[in-house]
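Student: Structure in structure tokens, see below.
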């Protein structure tokens, strides 16, 4: 991997080649692992299962396929094609190193990290030798930051050539087992404004303690979603990402593309779930004919065809905006809402079409349903994005009528 910031884009032919190779790997190598019993007590894939899959991806030349060996990063439109292919199995993003939160963290570090930070923290992620966690969300019961990061209560203060961080975090995906952390905290030292800061830390660290890992509806991410306490964590000043007080700006650099990446991966998963439901409906006989010949079932699959097309178009539109160098906050909010809601309808219909089989773990359909249900909440619930969009509508109206 190059030590310089990545350039963007490889062209449609190379993108199609990468995506085809990724899809073949997921379908031929990863899918058979879906019944592998190596799961923890939260039903998440174990570290040894993920390591085995990554090694197979490494040998096949498809590990971290959205970042090339010379450091070039696929454009967002190109990434969409490749990540959709990686998502055809819930295990695909883990095997290919395109999963959250690592993919979003890689994007952020590649965009704003210094050469030293990219070499020390980004390289192990790109090479699939380490997992990471993004420490932003805080316990709601304590009034901490969730969808509103301005409520952040975790603090940081300078102490010589270090910063000292204290606070609690919640729903920190992958914290258990992560080797790299990006920690957000509020500083009263940045001009007295309480600006947010981001820090890179090596994990595990005794000052960062996992209090518990609650059971959640989703089970695709190793390490679960932990509640974490941070007590007198000392971080060298040169491990701050950018400048003091700019953490919220860097968070937006990460979050807009990360929302889109979730859409890409779960579109792939729902395409696969729909393939399974379609195969079931075309084989299963009931009341003298195949299920698909009954309007109630055939119409659900027709609606799936429509709802799968909408996310594809929305993702491509939002990706083009980001590739054009625009912030993409509004576009990514619209896309996240439209895609998560459409895919929820698709996943629900797949379960319904398959009846009793659809709620069992005999196929990935029930897991996709659970994962997409969680997707409607993480990276901002649908209602938060709608509220944000409504505020923009009001601002635009005021400007137009000033």
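What follows is calculated from the coordinates using simple rules that are stated; it is not laboratory data. Please read all numbers here as calculations on a predicted model, not as lab measurements. Neighbour counts are summed over all protein chains in view; Cβ atoms, including those assigned to glycine, are modelled from backbone coordinates with ideal geometry.
Student: At 222 nm, what value in deg cm²/dmol follows for the chain if DSSP H runs of at least 4 each add -39500 (n - 2.57) and the sum is divided by all its residues, to the nearest 500?
Tutor: -15000 deg cm²/dmol
Student: Report, in degrees rounded to the nearest 10, the 0 to 90 angle that the Cα long axis of helix 47-60 makes with the longest principal axis of the chain.
Tutor: In the chain, helix 47-60 runs at an angle near 80 degrees to the longest axis.
Student: Have a look at the DSSP beta bridges in the chain and tell me what percent are antiparallel, nearest 5.
Tutor: That works out to approximately 80 percent antiparallel.
Student: If you line up the Cα atoms of the range 155-312 on their principal axes, what length do they span on each, largest first, in Å?
Tutor: Principal axes ranked by extent give 79, 29, 20 Å for the Cα atoms.
Student: Also, I was wondering about something else. Pull out the extension gain between residue 24 and residue 59, defined as 0.36 nm times the separation in residues minus the alpha carbon to alpha carbon distance; nm, one decimal.
Tutor: Result: 11.2 nm gained on full extension.
Student: A further question follows. So how much slack lies between residue 330 and residue 293, counting 0.36 nm per residue of separation and subtracting their Cα-Cα distance, in nm?
Tutor: 9.2 nm
Student: Sticking with this structure for a sec: Below 8 Å between Cα atoms, with a sequence gap of 6+, how large is the relative contact order for the range 12-99 in percent?
Tutor: RCO, the range 12-99: 44 percent.
Student: Suppose each label sits 7 Å from its Cα in the direction of the beta carbon; what would the residue 162-residue 140 distance come out to in nanometres?
Tutor: 3.5
Student: Report the far tail of the P(r) of the range 262-384, meaning the percent of Cα-Cα pairs longer than 21 Å. Mind showing how you got there, number by number?
Tutor: Details: 3080 of 7503 pairs.
More than 21 Å apart: 41 percent of the Cα pairs in the range 262-384.
Student: Let me know the whole percent of all Cα-Cα pairs from the chain that are separated by more than 33 Å.
Tutor: Within the chain, distances greater than 33 Å cover 32 percent of Cα pairs.
Student: Given just the C-alpha atoms of the range 359-402, how large is their convex hull per residue in cubic angstrom?
Tutor: It comes to 64 Å³ per residue, whole-number rounded.
Student: When a/c is below 1.5 the answer is rounded, else prolate if a/b is larger than b/c, else oblate, so apply that to the range 313-396 with a ≥ b ≥ c taken from the square roots of the Cα gyration tensor eigenvalues. Before the final figure, lay out the partial values.
Tutor: Numbers: a/c = 3.29, a/b = 2.22, b/c = 1.48.
It comes out prolate by the Cα gyration axes.
Student: Further question on the same structure: So, in nm, how far is label residue 38 from label residue 387 when the simple model puts each one 7 Å beyond its Cα toward the Cβ?
Tutor: Label at residue 38, label at residue 387, 4.2 nm between them.
Student: For the range 223-259 and the range 322-392, compute the distance between their C-alpha centroids and round to whole Å.
Tutor: So the separation of the two Cα centres works out to 25 Å.
Student: State the percent of C-alpha pairs, over all pairs in the range 134-244, separated by a distance greater than 18 angstrom.
Tutor: Roughly 46 percent, rounded to a whole number.
Student: Label residue 147 and residue 123 with points 7 Å out from Cα along Cα→Cβ: what is the distance between them in nm?
Tutor: Simple spin-label model gives 4.1 nm for this pair.
Student: Can you sort 335, 382 so the residue with the fewest Cβ neighbours within 10 Å comes first?
Tutor: Going from sparsest to densest Cβ surroundings: 382, 335.
Student: Round to the nearest 10 and give me the degree value, 0 to 90, for the angle of helix 365-375's Cα axis relative to the longest principal axis of the chain.
Tutor: Once rounded, one gets 30 degrees.
Student: For the chain, what's the relative contact order in percent, using C-alpha pairs closer than 8 Å and at least 6 residues apart? Spell out each step's value before the answer.
Tutor: Details: 730 pairs, mean separation 61.3, N = 402.
Dividing the mean separation by the residue count of the chain yields 15 percent.
Student: As a footprinting exposure proxy, order 299, 287 by other Cβ within 10 Å, with the fewest listed first.
Tutor: Values: 299 12, 287 7.
Ascending number of Cβ neighbours within 10 Å: 287, 299.
Student: Using the Cα atoms of the range 12-99, I'd like the radius of gyration and the largest Cα-Cα distance, Dmax, both in angstrom.
Tutor: 12.9, 43
Student: Further question on the same structure: If contacts are Cα pairs under 8 angstrom and at least 6 residues apart, what is the relative contact order of the range 122-191 in percent?
Tutor: Relative contact order, the range 122-191: 39 percent.
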